[in-house]
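Heads up, the thing below is written out as structure tokens.
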Amino acid sequence: YPVFPCLIANLLSQSNPCHIYDFGGGTGFIYFKIFPYLLHPENVTYHVVDSNPELFQIGKEHAKSIGNENGIFFHTEMPKKGNEQFDILYINTSLQYIYDYSSFLISLLQYEPQYVILTRLSAGDMKTYITSENVHGHTTPYIFFNFQEIVDIFSQNGFRLLFKSPCAREVF
């Protein structure tokens, strides 16, 4: 799943700055996975948006330990529209935890990113439903999406599907 964000970042950063917003990105794990493969890392700015400051601290410490504090930034909320422009909106395994996902996606699309990348999205040809996920004894609501419903949200907001692929490995 990190291959596609890396590919798009490499395409966009060839001669221009590329700003990536990773919603729900926690420690910045994906940035650290793709960084060695960025062809123009000096043109890539990676922003992690998450509500967990403990995860930010882990990410900041790791960035410092590898001498790369200037390429990744951590935020507790999305910037005000107009204050910040980003080229790629990346959501990896986060959308399924947002109850009002439709309004949430529509609000993010108002930033007008060039590309939106959803990876490890629990979606398929079924009715959208909410269940619960139990991880190490902690239970949380979890949404399985009707894939066409997600495509329609994007289509109604001026985006079109460019690529669809199954998850390379099971993560449940």
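The values are calculated or read from the model by the stated rules, or taken from the named source; none is laboratory data. All values reported here derive from a predicted model rather than from experimental measurement. Methodologically, a virtual Cβ is constructed for each residue, glycine included, from the backbone with ideal geometry; neighbour enumeration extends over all protein chains shown. All accessible areas refer to the heavy atoms of the entire protein, side chains included, with ligands and DNA or RNA removed. Shrake-Rupley method; radii C 1.70, N 1.55, O 1.52, S 1.80 Å.
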Only residues in segment 50-69 that are farther than 22 Å from residue 89 by Cα count as the first member; pair them with residues that are outside any loop (DSSP other than H, G, I, E, B) and open to solvent by 60 Å² or more (accessible area, probe 1.4 Å), Cβ under 7 angstrom, at least 6 apart or cross-chain, and list the lot. none
What number goes with the only condition from (1) farther than 25 Å from residue 7 by Cβ; (2) at pLDDT below 90; (3) open to solvent by 80 Å² or more (accessible area, probe 1.4 Å) that residue 141 does not pass? (2)
Being modelled with pLDDT of 95 or more and out of contact with any His (no Cβ under 8 Å at 6 or more places or on another chain) is the requirement here; does residue 40 meet it? yes
Need pairs with beta-carbon distance below 9 Å; first residue more than 13 Å from residue 97 (Cα to Cα) and of a type in the set (Phe, Trp, Tyr) and within segment 128-149, second in a strand (DSSP E or B) and open to solvent by less than 50 Å² (accessible area, probe 1.4 Å); sequence gap 6+ or separate chains. 147/123; 147/124
How about segment 9-54: which of its residues are under 25 Å from residue 105 (Cβ atoms), touching a Pro at 6+ places or on another chain (Cβ under 6 Å) and not aliphatic (A, V, I, L, M)? 33
Being under 19 Å from residue 36 (Cα atoms) and in contact with a helix residue (DSSP H, G or I) (Cβ under 8 Å, 6 or more places away or on another chain) is the filter here; which residues of segment 64-92 pass it? 66, 68, 69, 71, 72, 88, 90
If you go through segment 113-134, how many residues are open to solvent by 70 Å² or more (accessible area, probe 1.4 Å) and either in a helix (DSSP H, G or I) or over 15 Å from residue 23 (Cβ atoms) (or both)? 7
Failed item in (1) free of Cβ contacts under 8 Å to residues at least 60 places away in the same chain; (2) more than 18 Å from residue 9 (Cα to Cα), with residue 116 passing the rest: (2)
Index of the failed condition, residue 163 passing every other in (1) without any contact (Cβ under 8 Å) to a residue 12 or more places away in the chain; (2) part of a loop (DSSP other than H, G, I, E, B); (3) within 23 Å of residue 44 (Cβ to Cβ); (4) open to solvent by 40 Å² or more (accessible area, probe 1.4 Å): (1)
Output for segment 10-56, where each listed residue is open to solvent by 90 Å² or more (accessible area, probe 1.4 Å) and among the polar types (S, T, N, Q): 14, 15, 51
Within the bounds of segment 144-153, is there any residue that is open to solvent by less than 70 Å² (accessible area, probe 1.4 Å) and modelled with pLDDT under 95? no
Looking at segment 57-104, which of the residues that are farther than 23 Å from residue 123 by Cα, among the small types (Gly, Ala, Ser) and open to solvent by less than 40 Å² (accessible area, probe 1.4 Å) is farthest from the chain's Cα centre (by Cα)? 63
